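> Got a structure for you, questions after.
The values are calculated or read from the model by the stated rules, or taken from the named source; none is laboratory data. None of the values given here were measured: they were computed from a predicted structure. Positions of Cβ are generated from backbone atoms using ideal geometry, with glycine treated the same way; all protein chains shown enter the neighbour counts. Calculation scope for accessible area: heavy atoms of the full protein, side chains included, ligands and nucleic acids excluded. Shrake-Rupley method; radii C 1.70, N 1.55, O 1.52, S 1.80 Å.
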Amino acid sequence: MQTRPVIRYRGVHKAFDLPVLEGIDLDIFPGEMFGLFGASGAGKSVLLKTTIGLIAPDRGDVEVDGRSVFFGDRRDVRKIRDKVGYVFQHAALFDSLNVFENVETGLPLRRLRAMDGVRIARLVWEALERVLLDPREVMTKLPAELSGGMKKRVGIARAIVGGPDILLWDEPTTGLDPVNTAGVQRQIRRLSRELDVTSVIVTHDIEGGLEMCNRVAMLEGRRLRFLGSPTAFRASGDPIVRAFVDRTAAEAAVDLVATT
């Protein structure tokens, strides 16, 4: 018997000034590391944000563990968000909060109200250690005092502090140099394994995504152009997929030369 999907996108349509997504049907299964590729503006981050209701589709629905994100009640959405950690592009830390306070915001509100300060501090401490930051050095720092790589790690700590079942990664390596990019990718693999979570990774780093993921999809022309294994993606004879792979490989080579 096939495992029931943990995330189901059903007929998802979304337009802003122009259509972005048209009829996306996609299943994500428990324990997967799933990569979502596509050119800039293809709708990758839009689709990811529909998973927890940050963006509402014009038509269609998303289900997480059998609960509808858009046709359920508020309690369903709250339960969904409590079990999902979201790693935002560019970390999206609160500038006026220190590292401790930023990570603390990742705890579900109902749990936060039920915990004392010692328990909260322990969870924040453990989350920072999991992303290889020294809590004693960073707890009281403001985001402006952190490097780009450290901000990314704090953003990841915020996403995992509540013990999620699902992690959504929105361009986690954007803006990082090759060394920090490799470090974040190692953390994604390690945390997904250690925390036993389902991960959906939106990324522009095709090679890194193919190395990390069990399955991948490509959005193009508002629809799913490809869905399958990393091996099948690399070997695809689809001219649009092939052109995308070749172009991103060439861009990565240029970036690498520029940083050496």
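> Please enumerate the residues belonging to segment 1-29 that are in a loop (DSSP other than H, G, I, E, B) and either on the phi > 0 side of the Ramachandran plot or open to solvent by 70 Å² or more (accessible area, probe 1.4 Å) (or both).
So in segment 1-29, the residues in a loop (DSSP other than H, G, I, E, B) come out as 1-6, 16-18, 29.
Passing the criteria: M1, Q2, T3, R4, F16, D17, L18.
> Among the residues of segment 75-104, write down those that are more than 18 Å from W169 (Cβ to Cβ) and among the polar types (S, T, N, Q).
Going through segment 75-104, the residues more than 18 Å from W169 (Cβ to Cβ) turn out to be 75-79, 82, 94-101, 104.
Passing the criteria: S96, N98.
> Just to be sure, is T174 touching a Ser or Thr at 6+ places or on another chain (Cβ under 7 Å) and either in contact (Cβ under 8 Å) with a residue 24 or more places away in the chain or open to solvent by 10 Å² or more (accessible area, probe 1.4 Å) (or both)?
Here the answer is no, as T174 does not meet what is asked.
> Modelled with pLDDT under 90, more than 25 Å from R193 (Cα to Cα) and in contact with a helix residue (DSSP H, G or I) (Cβ under 9 Å, 6 or more places away or on another chain) - does that describe any residue in segment 117-127?
no
> Based on this model, can you work out whether K49 counts as touching a Gly at 6+ places or on another chain (Cβ under 8 Å), at negative phi and of a type in the set (K, R)?
So K49 does not fit the description; no.
> Kindly provide the set of residues from segment 169-186 that are in a helix (DSSP H, G or I), modelled with pLDDT under 85 and either aliphatic (A, V, I, L, M) or within 19 Å of V154 (Cβ to Cβ) (or both), ordered by number.
V179, N180, T181, A182, G183, V184 - these are the residues of segment 169-186 that are in a helix (DSSP H, G or I), modelled with pLDDT under 85 and either aliphatic (A, V, I, L, M) or within 19 Å of V154 (Cβ to Cβ) (or both).
> Next question, about the same structure. Identify the single condition in (1) of a type outside the set (G, A, S); (2) assigned to a helix (DSSP H, G or I); (3) more than 23 Å from L48 (Cβ to Cβ) that V154 does not satisfy, given that it satisfies every other one.
In the conditions (1) of a type outside the set (G, A, S); (2) assigned to a helix (DSSP H, G or I); (3) more than 23 Å from L48 (Cβ to Cβ), V154 misses (3) alone.
> Filter segment 187-208 for residues that are assigned to a helix (DSSP H, G or I) and over 12 Å from the mean Cα position of the chain (by Cα) and give the result. Step through it out loud before you land on a result.
Step one: of segment 187-208, the residues assigned to a helix (DSSP H, G or I) are 187-194, 206-208.
Scanning segment 187-208 gives Q187, R189, R190, L191, R193, E194, I206, E207, G208.
> Something else: Please determine whether any residue of segment 37-53 is assigned to a loop (DSSP other than H, G, I, E, B), under 23 Å from A127 (Cβ atoms), modelled with pLDDT of 90 or more and in contact with a strand residue (DSSP E or B) (Cβ under 9 Å, 6 or more places away or on another chain).
yes
> Sticking with this one: Under 9 Å by Cβ, and 6 or more places apart or on different chains, what pairs join a residue from segment 140-163 that is hydroxyl-bearing (S, T, Y) with one that is surrounded by fewer than 19 Cβ atoms within 10 Å (Cβ to Cβ) and not in a helix (DSSP H, G or I)?
Note: pairs meeting the criteria are T140/N98.
> State which residue is modelled with the lowest pLDDT when the search covers only segment 209-231 and only residues that are assigned to a helix (DSSP H, G or I) and open to solvent by less than 30 Å² (accessible area, probe 1.4 Å).
Selected residue: G209.
> What number of residues within segment 232-242 satisfy the criterion of being of a type in the set (D, E, K, R) and either open to solvent by 80 Å² or more (accessible area, probe 1.4 Å) or assigned to a helix (DSSP H, G or I) (or both)?
The qualifying residues number 2.
> Going through V20, V12 one at a time, which residue ends up being over 16 Å from the mean Cα position of the chain (by Cα) and closer than 19 Å to T203 by Cβ?
V20
> Would you mention how many residues in segment 66-107 are assigned to a loop (DSSP other than H, G, I, E, B), under 18 Å from the mean Cα position of the chain (by Cα) and free of Cβ contacts under 8 Å to residues at least 60 places away in the same chain?
4
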